[in-house]
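Notes follow the structure.
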Amino acid sequence: QTGIDYLTAQGFGADVAANAGLPFAVTSRVFDFGPRTSKDKNEQTRLVIGARGDIANHSYEFAFADSRYKLSGTVPAGYFSQVAYARAVQNSPDYNPWSLDLTDAFRAAIADAAYTGATLEGTTKLQSLDGKVTGDILALAGGSLSYAVGAQYRKESIKTEPSAALFSGDIAGLGGATPPIDRDRNIKSAFLEVVAPVIKSLELNAAARQDRYNDVGTANTYKLSARFQPVRQVVLRGSVGTGFRAPLLGELWLPQTVGTSAQFTDPAFPDEPNLQVPEVSGGNPLLKPEKSRQSTIGIVLQPTDSFSATFDYWRMTVEDLISTPSTQEIVSRFRAGDSSFASLVDLDAAGSVTQTRAILANLGLAKLSGVDVDLSGRFQVPGGRLDIGLNGTYMIKFDQTSPSGAISRKVGTLVEPDGTPVIDSDSGGVILRWKHRLSATYSTGPWAFTVAQNYYNGYRTGDRQIDGERNYISDQMLFDASVFYTGIKNLRLGVGLKNVFDQDPPIFVPVSNQFQAGYDINQYDARARTLFVSANYRF
């Protein structure tokens, strides 16, 4: 009746009179229980027992390691039982969905709906036994042909125990009903590596490895590399190899639950931004391992004892990338007709999105290439020494292809030219075209003073909702400064500032929801200007 009375007072009585007595649905953003807060307790332990020694011209090493990580999660405030809240709404005559001023009677009615307490107890374990033997085989013109051979056995496990409240799915903000996990696996590995100094100026290296997982299969990987130094001032080097990453136990077995999606804009209904719908999220037992091929070629130049320059060109191809697409990416690519996303969106009869599925998946193939640059100089100056260094990466290409064949060229942008999110847009943020750290350190006696510049160039983030214009992040330069003292034996003391000038981040308009407004959480430290102190003592 509250709804009928309100709508009638606003002049809609004729339209709603026929609905008197029927159920009245209300969607509400509930702030009555305060901001959501969480408190987690983490315990980590690691035990390693091993031995090493020599037999004749060979060395051996073996060890047993046991690592454990335990999480105990709680929520002190901000969460509530949806069932209890709905019951209070239905039974309280003081509830008014159009008023922000709640009566004391209604506050009292919903008090028992508040939830504080446990969420999840979780433990992961990693136990391993490994050993290796190294030594020399025979003499070559450039030195001894040496080898290393080893093996490892690992057992991984994950176990989670949700609280009754988390298991029920009734607590708003904690997602859908979360069942427990109890999974483990074992991995058997072996490797062989050979280093051959063919002549004084040429060294060759070859390595091979096999990993046998009892759940996702076997991988055989290798690496071949060479180092050639024709003169003292020049080193040429290169390598080729393959890689393998098995999905983690959590990625495979994290339960799929129904919660609420991140906010998104449906391209089919652009005038209805910030939509949210039920969304299935979680792990995927059908995940395949990631596999990669990579190669590098580089040069090291040292024209003088005080200056060196290193340039390495690299390229990589990664197949079956494991990631979770964002809700905006899912909906946008579904509307664009990408068949890889066809099964991830449900529509109603009017064509509106009613549910999405944002589960971990193998999101196709990526081709990457770039150049790493490392410049360093050491100069004697009045009263001490000046060290200058620049370490940067120029990204030439990061092209990702979805399973259906759609290609995203991701360097310097989070969106395609038409504003659609690039594939895997939320995984680690933007692929920067160029970034570097430039530092200068003046050392005198036990003191060392350092100033450093952290730089990255701009990129496109998406389109502004207010006017539809493209939004770009400008180039960013942040400066750090520190001073360290080593005048006490075995002790190193330091103090410094990060982001010395307390520079604000550029305004960020994300293409998909980060649950963070205003700045790019992947590129800017929310602590802004930060003072740090450090003390290191070596025994």
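Observations on the model:
- Relative counts (whole %) of C-alpha pair distances in segment 201-283, using bins that are 10 Å wide: 14, 20, 17, 17, 17, 12, 4
- Kirkwood Rh, angstrom, segment 266-318 [1 / mean 1/r, Cα pairs]: 17.4
- Note on segment 1-100: Cα Rg divided by 2.2 N^0.38 Å, N the number of residues, gives 2.42.
- Note on the chain: antiparallel DSSP beta bridges, both residues inside, total approximately 95 percent of the bridges counted.
- Accessible area of segment 237-302 belonging to carbon and sulfur atoms, whole % at 1.4 Å probe: 58
- Residues whose amide H comes within less than 5 Å of that of Thr178, counting only those at least five positions distant or on another chain, are Phe167, Ser168, Gly169 (H built at 1.01 Å from N in the peptide plane).
- For segment 14-57, the residues whose backbone nitrogen is under 18 Å from a point 7 Å from the Cα of Asp94, taken along Cα to Cβ, are 31-34.
- Computed from phi, the 3J(HN,Hα) profile of segment 365-381 under the Karplus parametrisation 6.51, -1.76, 1.60 (θ = phi - 60°) reads 10, 10, 10, 10, 7, x, 10, 9, 10, 9, 10, 8, x, 10, 10, 7, 10 Hz, with x in place of Gly and Pro.
- Two-decimal Rg/Rh across segment 253-350, once Rg and the Kirkwood Rh are taken from alpha-carbon atoms: 1.25
- With the simple spin-label model, which puts each label point 7 Å out from Cα in the Cβ direction, the Lys489 to Leu138 separation comes to 5.0 nm.
- Straight-line cross-link reach from Lys125 at under 26 Å between alpha-carbon atoms covers these lysines, not counting any fewer than eight positions away in the same chain: Lys39, Lys41, Lys70, Lys155, Lys159, Lys188, Lys288, Lys291.
- Considering only Ser92, Ile49, Ser67, and ranking their Cα positions along the charge dipole of segment 44-107 that arises from unit charges at the beta-carbon of Lys, Arg, Asp and Glu, the one farthest toward the positive end is Ile49.
- Electrostatic dipole magnitude of the chain [Cβ: Lys, Arg +1; Asp, Glu -1; Cα centre; debye, to 20]: 2660
- Ligands, DNA and RNA left out, the accessible area of segment 64-168 computed with a 1.4 Å probe is 56% carbon and sulfur.
- Farthest positive-ward along segment 195-295 dipole, Cα basis, beta-carbon charges - from Gly241, Gln276, Val231: Val231
- Accessible solvent surface per residue of the chain, calculated while the other protein chains remain in place, 1.4 angstrom probe, Å²: 57
- Spherically averaged projected area of segment 148-205 from its Cα convex hull (nm²): 7.6
- P(r) weight above 18 Å for segment 147-256, C-alpha pairs, percent: 67
- Contact order relative to length of segment 304-461, as percent, for alpha carbon pairs under 8 angstrom and 6 or more apart: 23
- Per-residue [θ]222 nm for the chain (sum of -39500 (n - 2.57) over DSSP H runs n ≥ 4, rounded to 500): -2000 deg cm²/dmol
- Summarising the overall dimensions of segment 393-539 from its C-alpha atoms, the Rg and Dmax are 19.8, 62 angstrom.
- Cα Rg, Dmax (largest Cα-Cα span) when computed across segment 79-172, Å: 30.7, 94
- Residues in segment 261-273 carry Karplus couplings, in order, of 6, 5, 5, 8, 10, 7, x, 6, 9, x, 7, 10, x Hz; the curve used is 6.51 cos²θ - 1.76 cosθ + 1.60 with θ = phi - 60°, and Gly or Pro positions show x.
- The convex hull of the Cα atoms of the chain, projected and averaged over all directions, covers 33.3 nm².
- Average projection, convex hull of the Cα set of segment 326-370: 4.0 square nanometres.
- Packing rank of 181-190, 167-176, where each peptide gets the mean count of other beta carbons within 10 Å, highest leading: 167-176, 181-190
- When the Cα gyration tensor is reduced to axis lengths a ≥ b ≥ c, the ratio a/c is 1.5 or higher for segment 457-539, and with a/b above b/c it is classed as prolate.
- Coarse-grained scattering of segment 295-395 at q = 0.10, 0.21 Å⁻¹, given as base-10 log I(q)/I(0) from a Debye sum over alpha-carbon atoms: -0.56, -1.04
- Projected label distance in nm at Arg527 and Asp184, using a 7 Å step from Cα toward the beta-carbon: 3.8
- Per-residue 3J(HN,Hα) values for segment 285-299, derived from phi via the Karplus relation 6.51 cos²θ - 1.76 cosθ + 1.60 with θ = phi - 60°, read x, 8, 4, 9, x, 6, 10, 9, 10, 9, 8, 9, 8, x, 9 Hz in sequence order (x marks Gly and Pro).
The values are calculated or read from the model by the stated rules, or taken from the named source; none is laboratory data. Remember, it's a predicted structure, so these values are computed and weren't measured experimentally. Methodologically, a virtual Cβ is constructed for each residue, glycine included, from the backbone with ideal geometry; neighbour enumeration extends over all protein chains shown. Areas reflect the complete protein model, heavy atoms only, side chains present, ligands, DNA and RNA absent. Shrake-Rupley method; radii C 1.70, N 1.55, O 1.52, S 1.80 Å.
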